[in-house]
Amino acid sequence: MMNAFLAPVQQWLGPVFPLLWTLLKIVLILVPLMLSVAYLTFWERKILGWMHVRIGPNRVGPWGLLQPIADGLKLFFKEVILPKVADRKLYFVGPVLAIAPALAMWAVIPFSDGWVLANIDAGVLYLLAIGSIGVYGIIIAGWASNSKYAFLGAMRSSAQMISYEVAMGLALISVLMVSSSLNLSAIVHGQAHGYFAAQGMGFLSWNWLPLLPVFAVYLISGVAELNRAPFDVVEGESEIVAGHMVEYSGMSFAMFFLAEYANMILVAAMVSVFFLGGWLSPVGFLPDGFFWLAVKISAVLFFFLWIRATFPRYRYDQIMRLGWKVFVPLTLVWILVVGVWMMSPLTIWK
Amino acid sequence: MEFTTFLFYLFAAVMLFSALRVITARNPVHAVLFLVLAFFNAAGLWLLLQAEFLAIALIMVYVGAVMVLFLFVVMMLDINIERLRHGFWEHLPLGATIGAIMVVEMATVLTGKYFGLSNFPAHVLPVGESNTKALARILFTDYVYPFELASVILLVAIIAAVMLTLRQRKDTKGMRPSDQVAVKRSDRLRIVAMASESESPATDSKGGAPL
């Protein structure tokens, strides 16, 4: 149906068509994403408020719903300050390098069956590679600001992000083993069948149950990778004010802000795709679809906000210990367990 | 011109420019960042050659991990640019010789048809098989022993590096997390039974206004 409608347009535009069609799809992903980012900030303030027995933002618009718009306008009209001793070029490259990977990674996330911008076979590798360059934005910002707090934040962040990338990568290896594919759509399809899925209880066939320890490691490492509470030593307010973004103002600060929240939604989407069955419906009698992915992403995002309101900040040495001495060995052991399990007659992955 | 040809020239041009800037940039941090850009464009070229696993591994390992630590170290160094430039003419002959040797070697590889390189035809992938899968299949079947040997050597190198830098100091203060976790309430907190005290009514000791 879609192709019949598109064919005349394709003929008319000729060789430019693939470019325009891809651009249109990128816009279709990014505009809702940016709206979600705006309302995630609102939702975070509301949830934190309720957990602190406060009301939260409720002044701008009905129920405070226009608050993110007001915040955005305020940031947009603020002066962009360039410190006198800062590195003039790199100071502005930093925020761009922070937000670009956060948006580029959405290219391979499947929203529903076949709804993906780039259905590439090396999707997981692409996510790991682009995810690993997100740290440059923070390091460059910290160095280019020429400020002690900013530099301390950058140093903490690069150590933390590299440590937890190792745990996240190793956690994904078990997922790749059981789905024997690097394609994200194939990983979701792999979770659609199994003993429980045949019984109509699909949510027990998803990867989170057989890979439970790995799921926990991935979820917690995701929070650490996002530099969010309780792993927010990078921008710990009471220690180094705002870490790498202490010198930024106006839109250049807003870029870091957008990058952080876009990354939050992205990590939630990755957890949903790898462990929670992506767009699959939890029970047999309801149809699959994008709705379920949205529900799962929202649930994981709520988890992120919940632990921010609940836990005190980790100490730096505790973060390093958790990453290297607990998570990395745990994932390595589980890779072995999954390998033996897959080769044994008790295997549930065929 | 095909789009991929255009991409090839784009990646190659940016890569040459950034490689040149690596050695001409005055600020060492800028030089490292240009090196990162060069790696990135090399990965792009490899992608055009349909070696997507190598390209992504290059970004993941070099750009994502090695160069971050490298940048980290360069940022912390106190480099005096004037002193670095001092011995330029003295070291030029040695550097130029090494450069010339490298150019000759690369030319030897690139003009391989005179040396019989065409006897080793390019590996053609079956349709629908990804480069990653093909690489993995070869690595874990035909070349499994060299592969395992390489990983063992790397493991030895890791342990050696750790042992070389490990210093056992007597005066280091550390904590044992297992002890911290094992702490019970009774170790830290003592509940004392005492009779309740009744405050005197609402005046302070000087007999002033009620508190």
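In order along segment B:5-14, the Karplus-derived 3J(HN,Hα) couplings, from 6.51 cos²θ - 1.76 cosθ + 1.60 at θ = phi - 60°, round to 5, 4, 4, 4, 5, 4, 4, 5, 5, 4 Hz, and Gly and Pro are given as x. The modelled label-to-label distance between A:Tyr316 and A:Leu176, using points 7 Å beyond Cα along the C-beta direction, is 3.3 nm.
For A:Lys350, project a label point 7 Å along Cα to C-beta. Then give me every residue of segment A:188-214 with its amide nitrogen under 12 Å of that point. Counting backbone N atoms under 12 Å from the label point, the list is A:194-195.
When the charge dipole of segment A:138-254 is built from unit charges on Cβ atoms (+1 for Lys and Arg, -1 for Asp and Glu) and taken about the Cα centre, the candidate among A:Gly250, A:Gly194, A:Asn227 whose Cα reaches farthest toward its positive end is A:Gly194. Spatial offset of segment A:296-333 relative to segment A:257-285 amounts to 17 Å, using the alpha carbon center of each. The phi torsions of segment A:308-317, fed into the Karplus equation with coefficients 6.51, -1.76 and 1.60 and a -60° offset, translate into couplings of 5, 7, 9, 9, x, 5, 6, 7, 4, 5 Hz, rounded to whole numbers, with Gly and Pro shown as x. Cα gyration tensor of segment A:89-188, axes a ≥ b ≥ c as square roots of the eigenvalues: rounded (a/c below 1.5), prolate (a/b > b/c) or oblate? Since a/c reaches 1.5 but b/c is at least a/b, the shape of segment A:89-188 is classed as oblate. Positive-end ranking of A:Phe215, B:Met106, B:Phe17 along the dipole of the protein assembly as shown, with charges on Cβ about the Cα centre, is headed by A:Phe215.
Between amide H atoms placed 1.01 Å from N, distances below 5 Å from A:Asn207 occur with A:Gly277, all of them 5 or more places distant or on a separate chain.
Kindly state, to the nearest 0.05, the FRET efficiency for B:Ala193 paired with A:Ala299, given R0 = 45 Å and r defined as their beta-carbon distance.
Efficiency at R0 = 45 Å is approximately 0.40.
Of all the options A:Gly194, A:Gly289, A:Gly61, the one that moves most in a Gaussian network model of chain A with Cα springs shorter than 10 angstrom is A:Gly61. Charge dipole (Cα centre; +1 on Lys/Arg Cβ, -1 on Asp/Glu Cβ; no other charges) of chain A amounts to roughly 500 debye. With a Förster radius of 45 Å, plug the Cβ-Cβ distance of B:Leu149 and A:Phe290 into 1/(1 + (r/R0)^6) and report the FRET value to the nearest 0.05. Computed FRET efficiency for B:Leu149 and A:Phe290 comes out at 0.40.
Model label points for B:Arg176 and A:Val27, set 7 angstrom from Cα along the Cα-to-Cβ axis, are 6.5 nm apart.
With the charge dipole of the protein assembly as shown set up from +1 on Lys and Arg Cβ and -1 on Asp and Glu Cβ about the Cα centre, the Cα lying farthest toward the positive end among the listed residues A:Trp341, A:Ile173, A:Phe151 is that of A:Phe151. Largest mean-square fluctuation among A:Leu28, A:Leu204, A:Leu276, in a Gaussian network model of chain A whose springs join Cα atoms under 10 Å apart, belongs to A:Leu28. Here the Karplus relation 6.51 cos²θ - 1.76 cosθ + 1.60, evaluated at θ = phi - 60°, turns the backbone of segment B:71-78 into coupling constants of 4, 3, 5, 5, 5, 7, 6, 9 Hz, with x for every Gly and Pro.
In the protein assembly as shown, helices alone account for a calculated mean residue ellipticity at 222 nm of -20500 deg cm²/dmol, with every DSSP H run of four or more residues adding -39,500 (n - 2.57).
Just so you know, all these numbers are worked out from the coordinates, no wet-lab data involved. It should be emphasised that the depicted structure is a prediction, and the values quoted were computed from it without experimental measurement. Don't worry about glycine lacking a Cβ; one is built from the backbone with ideal geometry, like all the others, and counts go over all protein chains shown.
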